[in-house]
1. Enumerate the whole-percent occupancy of each 10 Å bin, from 0 to the last occupied one, for all C-alpha pair distances of region 109-198.
2. So, counting K/R as plus one and D/E as minus one, what does the shell of residues with Cβ under 11 Å around residue 77 add up to?
3. At R0 = 30 Å, how high is the FRET efficiency between residue 47 and residue 489 if r is their beta carbon distance? Nearest 0.05 is fine.
4. Show me 207-219, 71-83 ranked by packing, highest mean number of other Cβ atoms within 10 Å first.
5. With a cap of 15 neighbouring Cβ atoms within 10 Å, and only residues DSSP puts in a loop, list the trypsin sites (Lys or Arg not before Pro) found in region 88-166.
6. Any idea how many Lys pairs in the chain come in under 28 angstrom at the alpha carbon, given 8 or more places apart or on separate chains?
7. Calculate the dipole size of region 299-387 relative to its Cα centre from +1 charges on Lys and Arg beta carbons and -1 charges on Asp and Glu beta carbons; express the result in debye to the nearest 20.
8. In nm, what is the difference between 0.36 nm times the number of residues separating residue 460 and residue 171 and their Cα-Cα distance?
Amino acid sequence: MSRQPAYSALAGVVGEDDREVAISDPGAASRCLLSGERLMDLQLPAAVRMIYPREPMRELRDLPGALRFACLHPEQSAPLPQLLRPGMKLTIAVEDAGAVLPALPRPDWRQSALECVLDFADHAAVEDIHIVFATACNRRMNAKEMRRLCGAAIYERFAPDRLYSHDCLDASLLEALPTDGPGPQLEVSRRAASSDLIIYLSLHAGAQNDLRKSWLFGLCSMRSAALLLEMDRQGVDPLASSAGPRIFQIEAAINSRAFGGGLDFLQRNEDRWSAIDRRKSHALQRSLSRLRSDYTGRLLARMRGARQCAAVFAGDPIRVRRRILRTNQKQYCIRTAGPADILISAAPPISAFHLQGAMNPLLLHYAAAAICSNFYGDQPLLHPGGDLLLCYSGRLDFDGFAFPGYQEFFEEALPELLLSGETALQTPKRLQYSSEAQQAYRTEGALPPGHAMLLWIMGSRGRRLNARVTLVGDAPPEIADALGWQSAATVDQALAQLQANSFEHSIVYLPQPSLCCPQVLPDIAAEKS
């Protein structure tokens with residue numbers, strides 16, 4: 001007989017065996033939600049299930065020692081010192097600044113990992129070393145960001161010729177990767193493809209496997225990124241079908257302490273807030289409401305988190321990822337009684353695709369798709385065809401410089417795609433991009449031309465759930481109309497609109513979708529007995 005869960009009187013607190021979320025007390029519950037650029041006051045209905053993150057895992061006390069131990073005792077691989085030799089061509093691929101948001105405190109985990117790897121490489125007299133930030137098809141990192149992530153000493157030693165950000169558009173820097181089978185040929189960084197060894201430094205803050213967190217995706221071309229996403233959608237593992245250089249992966253499990261300092265109350269259950277926490281909440285709410293939207297975005301973009309490394313593994317990429325996912329499941333996975341008819345959640349305040357706090361309708365559309373699917377794997381928290389109440393407050397506009405082609409895609413291609421459900425791999429020919437847009441990507445931190453279509457493809461898994469989305473907040477109703485959504489000013493208004501399709505509602509409130517990954521139990525009653 002399995003152990004029964006210990007229920008808590010506090011809404012949203014998980015029992016001691018972490019299998020089910022408690023139901024809130026009858027009556028409406030008021031909650032404060034960081035959504036977009038504001039703190040929103042939500043009045044939730046009675047008997048809503050509230051899912052909050054677990055307490056963060058304890059960080060490693062000796063990170064350099066843990067990194068060295070992982071490299072000397074790897075998963076299904078020879079120790080790293082045995083893979084290094086004089087005269088070899090070594091490429092160190094590093095996951096970019098958008099891998100974990102808010103940004104990690106200094107020194108960044110990637111700096112500690114680079115110091116460990118370079119110490120082994122120097123001892124083996126390896127001289128041909130390049131450090132490449134695997135930005136995939138996201139914006140390229142600037143010198144300030146690279147210096148912050150890898151530390152001043154490493155930056156001064158290798159930049160700019162041997163420390164740089166990946167370019168997914170420059171054909172002269174790309175090379176076709178050999179394949180073991182009949183699959184499509186993929187283009188990756190020429191430097192990586194010709195290397196004797198690639199050391200991939202990755203960090204994972206979630207419980208689901210993601211193709212985009214691999215060296216192959218991080219160093220590929222724009223065309224290959226679309227092919228990889230399509231292969232992943234069809235259940236084909238590109239990492240297993242592609243031949244190439246040897247990979248030694250070093251990966252960290254990152255805990256869920258997203259908010260540090262005076263903002264740590266934002267990820268806790270409000271029933272556990274102290275009087276000081278509530279005063280902080282009111283002060284933050286007043287401050288954000290008085291700032292102009294563009295200033296608010298910059299403030300949120302500069303926010304630093306308090307996440308730390310909780311575990312490190314190294315060696316074979318597939319084995320390492322399995323160990324990391326098992327570790328992260330203890331942090332992020334929460335067992336729930338069943339899927340919901342209605343899911344209430346928040347759009348993120350900052351975007352991994354652009355770290356300036358900018359949000360536009362296409363990024364909001366992707367956020368909805370991610371909440372529907374990406375955090376929950378094969379057992380989504382929302383019923384197929386259910387309703388997502390996506391809360392967002394703040395500006396929604398297109399920055400034509402930072403997001404080239406986004407507005408054209410939104411106005412010209414998106415209406416046809418919403419009608420047809422098409423997931424074409426190529427941007428429509430009528431959407432042409434200038435050389436200025438390509439130059440802005442290479443030198444000014446803009447996204448690459450064509451990224452809008454890639455974003456649409458990345459949201460395909462979430463769209464398959466066929467969720468009906470209601471945008472809750474102060475966004476213009478025409479934005480929701482263009483996305484095929486409904487709009488409402490408050491949660492009460494949104495729920496009132498849904499009453500027209502009367503059914504017995506099961507409602508779940510998930511304030512921080514990136515910090516917890518609910519896992520659905522099909523029959524909790526049977527488990528209790």
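1. Percent of pairs per bin, in order: 15, 43, 32, 10, 1.
2. Working: positive: 246, 319; negative: 75, 316.
Value of the local net charge: 0.
3. 0.80
4. Details: 207-219: 21.3, 71-83: 16.3.
Listed from highest to lowest mean packing, they are 207-219, 71-83.
5. Details: sites: 89, 110, 139, 140, 144, 147, 148, 157, 162; in loops: 139, 140, 162.
The qualifying sites are 162.
6. For the chain, qualifying lysine pairs total 5.
7. Value, rounded to 20: 620 debye.
8. On the way: separation 289, 0.36 × 289 = 104.04 nm, distance 2.77 nm.
Roughly 101.3 nm would be gained on extension.
The values are calculated or read from the model by the stated rules, or taken from the named source; none is laboratory data. This structure is a prediction, so every number in the text was calculated from the model and none was measured. Reconstructed Cβ throughout: ideal geometry from the backbone, glycine too, with neighbour counts over all protein chains shown. With ligands, DNA and RNA removed, areas are computed over all heavy atoms of the protein, side chains included. Shrake-Rupley method; radii C 1.70, N 1.55, O 1.52, S 1.80 Å.
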